[in-house]
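Novice: A single structure is presented below for examination.
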Amino acid sequence: MISRGILGAAFFLHASPRYRHIKKFFHNLLENSSYPYKKFFDYTMITLIIVSVLILIRHVKHEVSPELLFFNNYIISVIFLAEYLIRFWIYSDISKVVIEQYEHDLFLQRPFRLGEAYRKILAKKSEYIFSPSALIDLMAIMPFFHELRILRVFILFRVFKLFRYAKSLTQFVSILSSKKFEILTLGLFATVIISVSSILIYIMEANNPASPINTLFDSLYWSVVTIFTVGYGDMVPVTTEGRTVAMAIIVAGIAVISFATSIVVSAFTEKLDEIKEDKLIENVSKMESFYLICGYSTLSEQVGWQFKKKGAKTLILDADPIKVAQAQKEGFIALALNPASLHSYHQLQIDWDRQILGTVLLHESDVLNVYTALTIRELNAKVKILSILHQQENRRKLSLAGIDEIVYTQQLVALMSKEVSGRPVAFEVIHALRSENSGVLIEEIALDNITKNHLFDTVEMGLFQRRLMFLGIYKTLQRKFLFNPSQSIRIDAGDVAIVIGTQALIDEFKTLLHKHAKGKR
């Protein structure tokens, strides 16, 4: 009968939307760093900790008003107690454990074992109770029993609660925890050195009346101060043997400090990129609105600069860390995350309806663009997606993937010209001509120190004057396009000439351009 009642309560709580909502709220408030209200809770708790410690310090030599003592011993302690109990509650789902045990027993066709469910619940809750952070929380509650004066000292443990609320302190602990083996080795080495040196200095100095080291505790104190290179000078060995031991301990102390420094430096070096990425992800979650560019290339850079000119922010995602580093070097916000993976967007915790102005897929592969589009559509069905098309036969696949606008790579320069020139009618005419003449291409020709001097001569040749259209020059360093420039324009190595024509005509143009340049070398 009891087991049936507990089982019914478990199913009721598990199915209750109100219960789930309340539990999720407290979980977000206490554990979810991206929850907007968590920072206010953290700041409040940090303030209470600081106030509590200040009252304790004041109370050492001065009278403190009864109101402040009541606030410190009762109000703050009750708040910390409530926090401890809520964390205990949300750490694991009791109703879920009971239901899983019931379904497991039902599947095996045996009676429901409530005792086994109790055992699992106790094991789960014990994990929290005996965790370091929970033990600190518990000790911080001890001043609530203020009648036992000694327990007031536990107010100092409230300082350690700062590690829970200050993210930088949490990161510091997590970085050091990645070097557990090295720190354990260092601790073992330091313990052996301190133990041996304490005993040696005690043997050498204890029987000398002039020596300040008279007890084993004195020798232990001297060893710790010496090995960690503090050297107060209040205790120094007076015998030759004792000074010999001291010299050896000083050298060992330098080794210990060097070892400790190398551990901390290597830990931070290894985690530095991860810390930067976490900080960048946090900053992205705070951005009000931005365009998402998936895949980084020269084209992505040009599109990104166009958005920047409009005053819009962009986020670039690419799975290649080298490309991401290049994008960051160019001044873009970029992350080494796979745009085709759901896990990447879960890490970012993007609000698609509020933050994303639009998505541009600029991978160098149609397959990657399709996968990325499918992933984004799974997360949001309304966000606008634009993608480039590399192979004409893949147009239908991109369209079925939910892409709103598909741009063939050969048409992209014309699209950018439309955006820059602001003449949509002229663009539509060019676009219509382009669509009717599938054999016409828009080609980019990179110019070097020689070919740049013979560009206009080649363009003016009779073969090309009416059959090849010279659109203009893209100035790479200035990041701007010059439409139909005059021959007096300065052309630099690395600039790109944009021409329109058939494939055969463009190939011939390139051949003659390089032939003229070769003849002038």
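Novice: In the stretch 461-471, which residue that is in a loop (DSSP other than H, G, I, E, B) and not hydrophobic (A, V, I, L, M, F, W, C) is surrounded by the most Cβ atoms within 10 Å (Cβ to Cβ)?
Specialist: Looking at residues that are in a loop (DSSP other than H, G, I, E, B) and not hydrophobic (A, V, I, L, M, F, W, C), I get 467.
Novice: Hey, could you check the stretch 472-490 for residues that are surrounded by fewer than 19 Cβ atoms within 10 Å (Cβ to Cβ) and in contact (Cβ under 8 Å) with a residue 24 or more places away in the chain and say which is nearest to residue 331 (Cα to Cα)?
Specialist: The qualifying residue nearest to residue 331 (Cα to Cα) is 479.
Novice: If I filter the stretch 349-363 for residues that are crowded, with 20+ Cβ neighbours inside 10 Å, of a type in the set (Val, Ile, Thr) and farther than 25 Å from residue 35 by Cβ, do I get at least one hit?
Specialist: Yes; the residues of the stretch 349-363 include at least one that is crowded, with 20+ Cβ neighbours inside 10 Å, of a type in the set (Val, Ile, Thr) and farther than 25 Å from residue 35 by Cβ.
Novice: Assigned by TED's automatic domain parsing to the domain that holds residue 252, in contact with a Pro (Cβ under 8 Å, 6 or more places away or on another chain) and part of a helix (DSSP H, G or I): is that true of residue 218 in this structure?
Specialist: yes
Novice: Only one of (1) under 28 Å from the mean Cα position of the chain (by Cα); (2) touching a residue at least 24 places away in the same chain (Cβ under 8 Å) fails for residue 13. Which number is that?
Specialist: The single condition residue 13 does not satisfy is (1).
Novice: Being out of contact with any strand residue (DSSP E or B) (no Cβ under 9 Å at 6 or more places or on another chain) and more than 24 Å from residue 496 (Cβ to Cβ) is true for just one of 263, 350. Which residue is that? Before the answer, list the steps.
Specialist: On the way: 350 fails: out of contact with any strand residue (DSSP E or B) (no Cβ under 9 Å at 6 or more places or on another chain).
After ruling out the rest, the residue left standing is 263.
Novice: Can you tell me which residue among 289, 300, 285 is closer than 22 Å to residue 36 by Cα, at pLDDT 85 or above and not aliphatic (A, V, I, L, M)?
Specialist: Exactly one residue qualifies, and that residue is 289.
Novice: With in contact with a Pro (Cβ under 9 Å, 6 or more places away or on another chain), β-branched (Val, Ile, Thr) and surrounded by fewer than 18 Cβ atoms within 10 Å (Cβ to Cβ) as the only criterion, which of 265, 238 stands out?
Specialist: 238
Residue by residue, here is whether (1) surrounded by 12 or more Cβ atoms within 10 Å (Cβ to Cβ); (2) basic (Lys, Arg); (3) under 30 Å from residue 350 (Cα atoms) holds:
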| site | (1), (2), (3) |
| --- | --- |
| 3 | yes, no, no |
| 28 | yes, no, yes |
| 48 | yes, no, no |
| 58 | yes, yes, no |
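Novice: Could you identify the single residue in 21, 14 that is in a helix (DSSP H, G or I), out of contact with any Cys (no Cβ under 7 Å at 6 or more places or on another chain), closer than 30 Å to residue 117 by Cα and modelled with pLDDT under 85?
Specialist: Of 21, 14, the one residue that is in a helix (DSSP H, G or I), out of contact with any Cys (no Cβ under 7 Å at 6 or more places or on another chain), closer than 30 Å to residue 117 by Cα and modelled with pLDDT under 85 is 14.
Novice: Just a yes or no: is a residue in the stretch 42-63 assigned to a helix (DSSP H, G or I) and under 21 Å from residue 281 (Cβ atoms)?
Specialist: For the stretch 42-63, residues assigned to a helix (DSSP H, G or I) and under 21 Å from residue 281 (Cβ atoms): present.
Novice: Next question. Limited to the stretch 313-348, what total is found for residues that are of a type in the set (S, T, N, Q) and surrounded by 21 or more Cβ atoms within 10 Å (Cβ to Cβ)?
Specialist: Number of matching residues: 1.
Novice: Select from the stretch 53-92 the residues that are among the charged types (D, E, K, R) and without any contact (Cβ under 8 Å) to a residue 12 or more places away in the chain and list them in ascending order. Show your work before the answer.
Specialist: Of all residues in the stretch 53-92, those among the charged types (D, E, K, R) come to 58, 61, 63, 67, 83, 87.
Within the stretch 53-92, 58, 61, 63, 67 meet the criteria.
The values are calculated or read from the model by the stated rules, or taken from the named source; none is laboratory data. Note that this is a predicted model, so its numbers are computed, not measured. So basically every Cβ, Gly included, is an ideal-geometry build from the backbone, and we count neighbours across all protein chains shown.
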